1. Could you go through the stretch 364-380 and let me know if any residue there is assigned to a loop (DSSP other than H, G, I, E, B), open to solvent by 10 Å² or more (accessible area, probe 1.4 Å), in contact (Cβ under 8 Å) with a residue 24 or more places away in the chain and closer than 23 Å to Thr241 by Cα.
2. Asn122 passes all but one of (1) open to solvent by 50 Å² or more (accessible area, probe 1.4 Å); (2) in a loop (DSSP other than H, G, I, E, B); (3) without any contact (Cβ under 8 Å) to a residue 12 or more places away in the chain; which number fails?
3. Cβ-Cβ under 9 Å, sequence separation 6+ or interchain: first residue in the stretch 39-55 and among the hydroxyl-bearing types (Ser, Thr, Tyr), partner open to solvent by 10 Å² or more (accessible area, probe 1.4 Å) and in a helix (DSSP H, G or I). Which pairs?
4. So which strands (runs of 3 or more DSSP E) are wholly in the stretch 262-355 and hold at least 1 residues that are touching a residue at least 24 places away in the same chain (Cβ under 8 Å) and crowded, with 23+ Cβ neighbours inside 10 Å?
5. Of a type outside the set (Gly, Ala, Ser) and part of a helix (DSSP H, G or I): does that describe Arg387?
6. Would you say Asp216 is within 19 Å of Gly301 (Cα to Cα), under 18 Å from the mean Cα position of the chain (by Cα) and modelled with pLDDT of 95 or more?
7. Suppose we filter the stretch 148-180 for residues that are among the aromatic types (Phe, Trp, Tyr) and open to solvent by 60 Å² or more (accessible area, probe 1.4 Å); how many remain?
8. For the stretch 410-421, what are the residues that are open to solvent by 50 Å² or more (accessible area, probe 1.4 Å) and either closer than 15 Å to Trp160 by Cβ or not basic (Lys, Arg) (or both)?
Amino acid sequence: MKRHLTSSSLLVLVLSSCSLIEPGDTQSPNVTDDTFLSQPNAMRTWVNGVRKNFAECMGDYAQLMEILSDNYYNNYTRSNRVFDVPELKTNDEDVKQLQRYVGNLRESVDYAFGTVLHHDPNITAAEKYDLFTAKTFSQILAGEFFTSLPDATGGEPVDWRTHLTEAVALADSVLSYAATDSARAFAHTLKARVYYRLGRADEAVSEARTALQLSDDFCVQLTFDGANSVNNVAQEAIWGTWFQPLPRLDFLDPKYVQITSTYQSPVTIAKAEEDYLIIAEALVCEGRLEEARAELNSLLGLVARRPRLRGVDDHLEGRFNGGSRHYPASSLYAVAASAADSLRHGLVLDRTQPIDVPTISGTSVSKAMVDATQGQDALLELVYLLRQEIFFGEGRRPADLGIRMPVCDVEVANMKNPGDSDQPVIPPFIPLNGGMDDFTMDDGNHTVVIRYNMNRVIVENKQSEYVVPFL
């Protein structure tokens, strides 16, 4: 079988400040195995191709997982039109593409170690770190967003728990090649994320605390190279007018901003905030509410220190622009998370004036809210609101909602025993027919009432198999 590598730019890994990948200017042509493997620096070129594919993969997940949740509604004709329902079919082209990313990342890393390394043994520790990071994410994506997937070419489906278990071992490989405390904190956070989803609270908290001891403010982002068409596809949808945020999340939008004609906003793939959230949720689930509040207040301190992009000109965002739904476009509007919740001001921005937007993390939650929240369920709901706001735009929300995609029809047709892997998981408490995105708007009184407070829905179903893994 011939393999082809297409890399429009040389991407160099830099794990410092808040950046994982930075673009360079070297191009590699389409070549077949024999020609490619005989070239000088074959390994470096291959690793750079993996980095490029990894960045594009995470940008696509950030775009499509956002509309699969209650975070965004696709209010235009471009991009997926059924994830908002949510409707997940085995023949959906986006389901296929998201699955391909998982397989391609895994196979490209295996090819680096299994083939390229034999022809070009000049591989650095940093390159091994990059490769193991990409493969770890291939397993995390499989484990968080799919019912099951093959973990080898032509293999039978493996359930999501197995993928996450394999991700732990891969994250240990990332850790073994980590050169800085921030890089080690990143690896421990990946392990905490996996243990969290597996419901293994002790291991998740241990890894999260270790990460914070190494770095209590690390952030890892994938950057792109717009000059060479290595683009963050989530930016086109979010900075443009395709997607509209749930009104109570308006203040967080746009996380991806078009500063210049070629500028591409980075996508965050890990940050210290996740460790605080994991620890706090575990404490809430154990009934240790005062300790949980202390963790959440430390988290708010970190979020307050994160950068904001100031003076963003977003006046062309009319919150409609030919779409099917009108959205509030003035700071006069107050928003309630449901009919049973109080109206809150400050969640919708006035975009006729320059706005400030968080680029890593933002939240509407204050220390006063944390301190005033009483009872386990109420505090757990606040944790999930924080998770929603802090991971906003990063494609994380469907996992918290318990939604999983099926194996695509191409794979199913070649499986000996597909079982129910061709069926999605949409928990029975998930509103259908676009209900997660529904709201009523009263222009006269400048109020918006969201139909479903999905964070409360999560907590109300905390004992189900789909959500709140620590319970």
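1. For the stretch 364-380, residues assigned to a loop (DSSP other than H, G, I, E, B), open to solvent by 10 Å² or more (accessible area, probe 1.4 Å), in contact (Cβ under 8 Å) with a residue 24 or more places away in the chain and closer than 23 Å to Thr241 by Cα: absent.
2. (3)
3. Thr45/Phe36
4. Numbers: elements: 267-271, 308-312, 334-336.
Here the list reads 267-271, 334-336.
5. Spelling it out, Arg387 is indeed of a type outside the set (Gly, Ala, Ser) and part of a helix (DSSP H, G or I).
6. When the stated conditions are applied, Asp216 does not pass them.
7. The number of residues fulfilling the criteria is 1.
8. Val410, Glu411, Ala413, Asn414, Asn417, Gly419, Asp420
The values are calculated or read from the model by the stated rules, or taken from the named source; none is laboratory data. Remember, it's a predicted structure, so these values are computed and weren't measured experimentally. Note that each Cβ is placed from the backbone with ideal geometry, even for glycine, and that neighbours are counted across all protein chains shown. All accessible areas refer to the heavy atoms of the entire protein, side chains included, with ligands and DNA or RNA removed. Shrake-Rupley method; radii C 1.70, N 1.55, O 1.52, S 1.80 Å.
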